[in-house]
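The structure under discussion appears below in the form of structure tokens.
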Amino acid sequence: MKFSTSTTTNPAVLAVDTLLVGVFEGEVLDLVGAGEAARAVILATANAAQRQASAEGFKGNAGEVMVHFSDNRLAAKNVVFFGLGARAKASEASFRKGLTAALKRAKSLKAEQIGFTALDAVSVAGIDNRALAETIASYAAMIDYVMNHQKTEKGGHKKEVRFKKLHLIVDAATLEDVAAGLNSGFAIGKSVNYARDLANLPANVLTPSAMAKHAEAVAKASGGTIACTVHKTKALKKMGANLLLAVSSGSSQPPRLMDLLYTPVAADHDNKPPVAELTIVGKSVTFDSGGIDIKVNGGSRNMKRDMSGGGVALAAIQAIAALGLNIKVRAVMAATENMVDGSSYRPGDVLKSMNGLTVEIDNTDAEGRLTLADAIEYAKRQGDKNIVDLATLTGAVKQVLGDVGACAFGNHDDFTSSVVAAAMSQDEKLLAMPMWEEYKSANNTDMADLKNSGGMPGSTTAAYFIRAFAGEEINWVHLDIAGVAFRDRELGPDPRGATGFGVRTLVALARRMASV
């Protein structure tokens with residue numbers, strides 16, 4: 001997809017097939033309340049759209065849309081009027097809701113060239129034009145997403161019509177800000193879609209080794225700002241990554257531990273050193289059978305998605321590098337399969353982790369926290385002090401927030417609050433959960449320092465297991481994304497299947513930390 005901007009105030013002459021026009025509730029197609037560009041569209045439709053709105057009951061509520069099929073008074077074939085809600089209550093959230101509905105309607109109309117006139121109308125509500133342009137570009141990219149399926153023309157598949165170009169009509173004074181917003185928004189949307197692609201790939205394609213190749217490709221494409229190191233089995237044994245190695249023991253696919261480090265270009269920041277550091281650890285189990293405690297009743301059907309956290313970590317560092325943020329960021333992914341054969345680790349086994357703690361295996365289907373434990377210790381050995389891990393960790397988290405939001409567990413309230421605030425600013429719903437001391441002992445066992453399954457409430461006891469390896473001397477937040485990483489329905493700008501949940505949160509967090 002490409003973007004262009006125009007300083008014209010007359011979109012009637014813009015050669016696009018679909019024109020998107022944002023209108024406020026109670027001011028629908030009102031020449032007095034409309035912005036200059038929107039006013040030109042209303043005039044060009046010669047009151048026909050006003051009569052249509054009255055007949056259809058279109059009021060401009062946030063998320064409401066009306067399609068007007070234009071005549072030869074407009075260059076555009078279709079005009080999609082979309083509601084922004086009441087002007088006095090306008091917010092970025094209401095704008096996103098209206099934008100999502102408008103872009104989805106444009107998609108259903110098989111639009112390729114899209115014009116956009118909402119900036120003038122929304123800017124009067126006090127919303128920054130650069131941020132709005134970024135939202136438009138990122139949402140256009142996310143809503144244009146098509147699953148990386150394996151369908152072929154031989155099987156009768158016809159390629160979907162995709163957005164090709166997005167034209168924004170802006171005031172000359174805002175042109176520079178809008179152009180910057182479009183570029184950053186597209187970079188973010190592209191990375192969200194990359195995370196989706198990775199999680200949608202079948203497990204026979206995205207093996208641990210293949211995931212490592214993706215990591216190397218991201219580093220290579222960064223132009224030297226991202227360095228990538230891939231640790232193989234021999235190195236993992238040497239560093240004592242026994243939990244990761246145990247999880248991989250039943251698979252014919254060897255594990256990989258990937259370490260990507262983004263370092264900003266000093267010249268881009270007046271030779272100022274990075275102001276902060278952030279580490280992202282993503283669970284990267286490319287397929288989870290449950291091990292000897294094997295999943296039943298179709299429980300393994302979508303377990304290709306169990307590497308969603310790792311996909312998000314890789315996509316997020318890609319986006320952060322593309323934006324050139326002045327912050328050092330590391331992404332760590334311990335990739336493995338959790339399979340069953342005669343070499344598989346067993347319930348009752350006691351393993352020594354990379355940091356020296358011993359772990360009794362209570363359940364081989366609680367494997368993700370084992371890989372995270374070694375990955376977090378690896379990050380700590382690099383001197384990392386601010387760690388966010390993401391994992392499709394527990395089914396129990398769905399009992400709390402369903403498929404709408406994720407849960408955050410942390411060891412320091414200030415850092416946890418920063419992560420939650422970053423998520424909510426991007427409309428990725430995240431709830432900070434308490435870590436009451438009474439749950440800590442649930443991971444105790446007679447045979448070792450810890451056991452890997454502490455029972456109910458499963459999300460909290462799992463978080464406490466990981467916290468034992470994060471410790472208290474660093475800032476650590478664990479995001480359980482099991483309910484939101486992969487959905488059976490469309491929701492907001494997310495398609496069915498992989499969502500890429502967390503990429504926008506991590507970019508927003510890195511921005512906040514870089515601006516301190």
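The values are calculated or read from the model by the stated rules, or taken from the named source; none is laboratory data. A quick note: this is a predicted structure, and the numbers were derived from the prediction, not measured. Ideal geometry is used to build each Cβ from the backbone, glycine not excepted, and the neighbour counts take in all protein chains shown.
Some observations on this one:
- Meets criteria (free of Cβ contacts under 8 Å to residues at least 60 places away in the same chain and of a type in the set (A, V, I, L, M, F, W, C)) for L245: yes
- Of residues in region 106-118 being buried (at least 24 other Cβ atoms within 10 Å of the Cβ) and out of contact with any Pro (no Cβ under 7 Å at 6 or more places or on another chain), the one modelled with the lowest pLDDT: A118
- Any hit, region 262-274, residues being acidic (D, E) and either under 20 Å from I376 (Cα atoms) or at pLDDT 95 or above (or both): no
- When region 249-293 is filtered for residues that are touching a residue at least 12 places away in the same chain (Cβ under 8 Å) and assigned to a helix (DSSP H, G or I), the ones remaining, listed by number, are D268, H269.
- For D449: the one exception among (1) surrounded by fewer than 24 Cβ atoms within 10 Å (Cβ to Cβ); (2) out of contact with any strand residue (DSSP E or B) (no Cβ under 7 Å at 6 or more places or on another chain); (3) in contact (Cβ under 8 Å) with a residue 40 or more places away in the chain: (2)
- Looking across region 494-516, the residues that are assigned by TED's automatic domain parsing to the domain that holds D197, surrounded by fewer than 24 Cβ atoms within 10 Å (Cβ to Cβ) and assigned to a loop (DSSP other than H, G, I, E, B) come down to P495, R496.
- Unique residue being in the same structural domain as G223 (by TED's automatic domain parsing) and either under 30 Å from A514 (Cα atoms) or part of a strand (DSSP E or B) (or both) when the list is V340, V296, V329: V329
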